[in-house]
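Undergrad: Here it is: the structure, laid out below.
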Amino acid sequence: MIWNPTMETMPKEQLRSLQDERLRDVVRRVYENVAFYRHKMQEKGITPMDIRGVCDIEKLPFTEKQDLRDNYPFGLFALPQSEIIRIHASSGTTGKPSVAGYTSGDIDRWAELMARAMYCAGVGKEDVVQVAYGYGLFTGGLGAHYGAERVGASVIPMSGGNTARQLMLMEDFGSTALCCTPSYALNLAEAMEQAGITLDRIKLKSGIFGAEPWTEDMRKHIEEKLGIDALNIYGLSEVMGPGVSMECMCKQGMHIWEDHFLPEVIGDKGESLPYGEQGDLTFTTLTKHGMPLLRYRTHDLCVLTDEPCPCGRTHVRMGRVMGRTDDMLIIRGVNVFPSQIEHALLQVQGIEPHYRIVVDRVGSLDTILVEVELSSWMMSDTVKGLEALEERIMNSLASHALIHAQVKLCQPGTLPRSEGKAKRVEDRRKF
Ligand code: ADP
Ligand code: ZN
């Protein structure tokens, strides 16, 4: 199922010339209408005339999250407020959130891209889509909502939380697709088990999960527990919201909709890296009118590939995001992402994918404690058995995440559960 075959399977050269044209257009628009970009371009001694197409992308300035903060709230909008019909903001755990403004055309394009995402997951007009992403300033809920509506599905706008009710309606309304964070999907699966709801009572067949990093191991886990295809979706509010990229049924990375976004992967020295190399994912929005961005540094680490995809879509794919550079932990000089710890944990039998990472400092030494829940069948094991399990977890952490962590086995159901983005790390170090 391909929602917009003309655009999604467009030959590469044609896609590139469309990008060239759209890039020239967006550069002209921000130069004329956004003081921040005009100044940045003047500093670099360039005008829109210097940008002939994608080949000139490296001449353009980067945009950082700090630039959004400095221009808070509406300083990067490229149109007068009368043209802005919606304002969203990032979840922004610290400080001022970053704000994004949309024209009605922007909302329409968002719906189109989320419709592509729905079709990627095999979700169409016959489907009942339960949207359990939060509705509100966070873009998850409304984004998924627009896509599901655009393909003609029946949408249940549940929003996040209220787990017992989610399950009741999932069963009663016969939801066939679920949209939420992977950690909430896991939470729902667990609650279902506890409520004695067996898979034959629900009709779920696919999940569109994103907004936080997760691993291939977690995918398998969720797919088994819910009996579905679990697909990865990526986005961020600054660039649009969910649906910047979406995985197809091949499950080999997420197609970035290149007719609307120009992705780059940037290396440590600010250079644009070739496909296949890992770096900081960076986007130039080609068709946004409310708040277009040039070379926005997401600080999400990933790899791009333009290997042909069996689904027939020609748009470049991004691999799983390991995490944001801001979320990287440095433990005694070793860099580690929570997703690497998740991967290491899920290699071990006898524990569940509910975990928390506590980082602290004793004297001048960093310590890391990984708390993880036991599987219920391990509960009655002997002390010796549990010690051996701890040992296996420590070894897995050492070999897969290269860290020497203390491990604490917890009773099933005792670690906090997430209803949106999971908070996995508690950093108690005082800097
Ligand atoms: P906030 O920055 O407040 O979390 P957003 O809600 O816009 O704001 O979140 C966007 C971020 O969420 C991305 O930059 C990325 O770090 C993360 N994210 C979104 N989707 C995924 C995904 N599928 N895999 C990994 N990380 C993701
Ligand atoms: Zn594909």
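Undergrad: Being within 26 Å of Gln66 (Cα to Cα), among the hydrophobic types (A, V, I, L, M, F, W, C), more than 12 Å from ligand 2 (Cβ to nearest atom) and surrounded by fewer than 21 Cβ atoms within 10 Å (Cβ to Cβ) is true for just one of Leu281, Leu273. Which residue is that? Show your work before the answer.
TA: Details: Leu281 fails: surrounded by fewer than 21 Cβ atoms within 10 Å (Cβ to Cβ).
Exactly one residue qualifies, and that residue is Leu273.
Undergrad: Cβ-Cβ distance below 7 Å, separation of 6 or more or different chains: which pairs start in the range 279-302 with a residue that is more than 20 Å from Thr325 (Cβ to Cβ) and end on one that is among the hydrophobic types (A, V, I, L, M, F, W, C) and part of a strand (DSSP E or B)?
TA: Every condition considered, the pairs that remain are Thr285/Phe261; Leu286/Phe261; Leu286/Leu262; Met291/Ala100.
Undergrad: Here is a follow-up. Restricting the range 287-329 to residues that are of a type in the set (Lys, Arg) and within 16 Å of ligand 2 (Cβ to nearest atom), which is farthest from Leu236 (Cα to Cα)?
TA: Per the criteria, the residue is Arg313.
Undergrad: Which condition number does Glu212 fail, the rest of (1) surrounded by fewer than 16 Cβ atoms within 10 Å (Cβ to Cβ); (2) more than 23 Å from Asp127 (Cβ to Cβ) being met?
TA: (1)
Undergrad: Please go through the range 22-34 and pick out each residue that is surrounded by 12 or more Cβ atoms within 10 Å (Cβ to Cβ) and part of a helix (DSSP H, G or I).
TA: Arg22, Leu23, Arg24, Asp25, Val26, Val27, Arg28, Arg29, Val30, Tyr31, Asn33
Undergrad: Going through the range 305-348 one residue at a time, which ones are among the basic types (Lys, Arg) and crowded, with 19+ Cβ neighbours inside 10 Å? Give the derivation first.
TA: Initial filter on the range 305-348 (among the basic types (Lys, Arg)): 313, 317, 320, 324, 332.
Passing the criteria: Arg313, Arg317, Arg320.
Undergrad: A further question follows. I need every pair where a residue in the range 304-332 that is of a type in the set (Ser, Thr, Tyr) has its Cβ under 6 Å from the Cβ of a residue that is modelled with pLDDT of 95 or more and within 12 Å of ligand 1 (Cβ to nearest atom), sequence separation at least 6 or different chains.
TA: Between residues of the range 304-332 that are of a type in the set (Ser, Thr, Tyr) and residues that are modelled with pLDDT of 95 or more and within 12 Å of ligand 1 (Cβ to nearest atom), the close pairs are Thr325/His299.
Undergrad: Applying the selection to the range 370-408, what residues are among the hydrophobic types (A, V, I, L, M, F, W, C), under 20 Å from Ser339 (Cα atoms) and open to solvent by 40 Å² or more (accessible area, probe 1.4 Å)?
TA: Selection gives Met394, Leu402.
Undergrad: Output the residues belonging to the range 35-74 that are in a helix (DSSP H, G or I), farther than 12 Å from Arg295 by Cα and open to solvent by 60 Å² or more (accessible area, probe 1.4 Å).
TA: Arg38, His39, Gln42, Glu43, Met49, Cys55, Gln66, Arg69, Asp70
Undergrad: Another question, then. Hey, among Gly243, Gly196, Gly207, Gly227, which residue is at positive phi and buried (at least 21 other Cβ atoms within 10 Å of the Cβ)?
TA: Working: Gly196 fails: buried (at least 21 other Cβ atoms within 10 Å of the Cβ); Gly207 fails: at positive phi; Gly227 fails: buried (at least 21 other Cβ atoms within 10 Å of the Cβ).
Every option except Gly243 fails the conditions.
Undergrad: With His289, His260, His299 as the choices, which residue is within 13 Å of ligand 1 (Cβ to nearest atom), closer than 18 Å to Ala100 by Cβ, in contact with a helix residue (DSSP H, G or I) (Cβ under 7 Å, 6 or more places away or on another chain) and of a type outside the set (D, E, K, R)?
TA: Result of the check over His289, His260, His299: His299.
Yes or no, residue by residue, for (1) assigned to a helix (DSSP H, G or I); (2) open to solvent by less than 10 Å² (accessible area, probe 1.4 Å); (3) in the same structural domain as Lys421 (by TED's automatic domain parsing):
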{"residue": "Gly105", "(1), (2), (3)": "yes, no, no"}
{"residue": "Arg109", "(1), (2), (3)": "yes, no, no"}
{"residue": "Met114", "(1), (2), (3)": "yes, yes, no"}
{"residue": "Ala117", "(1), (2), (3)": "yes, yes, no"}
{"residue": "Val129", "(1), (2), (3)": "no, yes, no"}
{"residue": "Gly136", "(1), (2), (3)": "no, no, no"}
{"residue": "Gly140", "(1), (2), (3)": "yes, yes, no"}
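Undergrad: Now for a different question. In the range 257-266, how many residues are open to solvent by 10 Å² or more (accessible area, probe 1.4 Å) and either under 16 Å from the mean Cα position of the chain (by Cα) or free of Cβ contacts under 8 Å to residues at least 24 places away in the same chain (or both)?
TA: 1
The values are calculated or read from the model by the stated rules, or taken from the named source; none is laboratory data. Please read these numbers as outputs of a predicted model, since none were measured by experiment. Positions of Cβ are generated from backbone atoms using ideal geometry, with glycine treated the same way; all protein chains shown enter the neighbour counts. Side chains are part of the model used for accessible areas, which takes the heavy atoms of the whole protein and leaves out ligands, DNA and RNA. Shrake-Rupley method; radii C 1.70, N 1.55, O 1.52, S 1.80 Å.
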